[in-house]
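Input: a single structure, listed below in structure tokens.
Please treat every number below as a calculation from the coordinates, not as lab data. This one's a predicted model, so the numbers in the text were calculated from it and none came from an experiment. With ideal geometry, Cβ positions are generated from the backbone for all residues, glycine too; neighbour counts draw on all protein chains shown.
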Amino acid sequence: MGTILKGMSRVRWHELTHAYGAAQDVPGRLSRVAWGDARTSTEALSDLGLWLGELAVFDATVAAVPFLWDLAVTATVISRPGVMELLQAILEHGSPPRLDVQHAAHQAVLSGKGLVSVLIGDEDPAVQAAARDLAAAIDSHTCEVCRPK
């Protein structure tokens, strides 16, 4: 697999959950985003959005965020703007029954703040725009769960 998505095989995905159950299919979708053509990558990213962040966040979301950041900063990934949109969606959604999971997912997204400045300087205008939107979401993030106590 090279350096992109390194360590993904060490995650015990079958023990994690997403919106529709066990998360063993998440690595395959991440790989399709990484190496797929435009159609394959977009479809895989759509699945990940439904599974990991559109409605709520899950323990599989927490495990996937570092790999999403990896995809966002890899120039050969076709769907980088969509990856950043998914990161933003994760930051904007919660997991009311599992506030610990929500906090962990949000912190995982927030931990990539330094990468956003690199992405804002990317040569692709779509990447730049998505990075600016993600930077704004990170800078304005004030959910109750993430506030310092």
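Non-local amide H neighbours of His18 (under 5 Å, H modeled in plane, Pro and chain starts lacking H): which ones?
Amide H to amide H, under 5 Å and 5 or more residues apart or across chains, His18 pairs with Ala23.
For the chain, what does -39500 (n - 2.57) per DSSP helix run (n ≥ 4), summed and divided by total residues, give at 222 nm, in deg cm²/dmol to the nearest 500?
Mean residue ellipticity at 222 nm (helix-derived): -18500 deg cm²/dmol.
Roughly how many debye, to the nearest 20, is the charge dipole of the chain about its Cα centre, given +1 on each Lys and Arg Cβ, -1 on each Asp and Glu Cβ, and no other charges?
Details: 12 positive and 17 negative charges, 79 e Å.
Roughly 380 debye, rounded to the nearest 20.
Starting from the Cα coordinates of the chain, work out the convex hull volume and express it per residue in Å³.
Expressed per residue, the convex hull around the Cα atoms of the chain is 103 Å³.
Taking +1 at the Cβ of each Lys and Arg and -1 at the Cβ of each Asp and Glu, which of Leu91, Ala129, His103 sits farthest along the dipole of the chain towards its positive end, judged by Cα position relative to the Cα centre?
In the chain, that residue is His103.
Of Ile78, Val116, Ala44, which is farthest on the positive side of the dipole of the stretch 11-149, counting Cα position, with +1 on Lys and Arg Cβ, -1 on Asp and Glu Cβ, and the Cα centre as origin?
Working it through, the farthest residue towards the positive pole turns out to be Val116.
Compute the signed sum of charges (Lys and Arg +1, Asp and Glu -1) over the other residues within less than 13 Å, Cβ to Cβ, of Tyr20. Show your work: numbers first, answer last.
Working: positive: Arg29; negative: Asp25, Asp47, Glu54.
Value of the local net charge: -2.
Measuring from centroid to centroid over Cα atoms, what is the spacing of the stretch 63-126 and the stretch 14-40 in Å?
The stretch 63-126 and the stretch 14-40 have Cα centres spaced 15 Å from each other.
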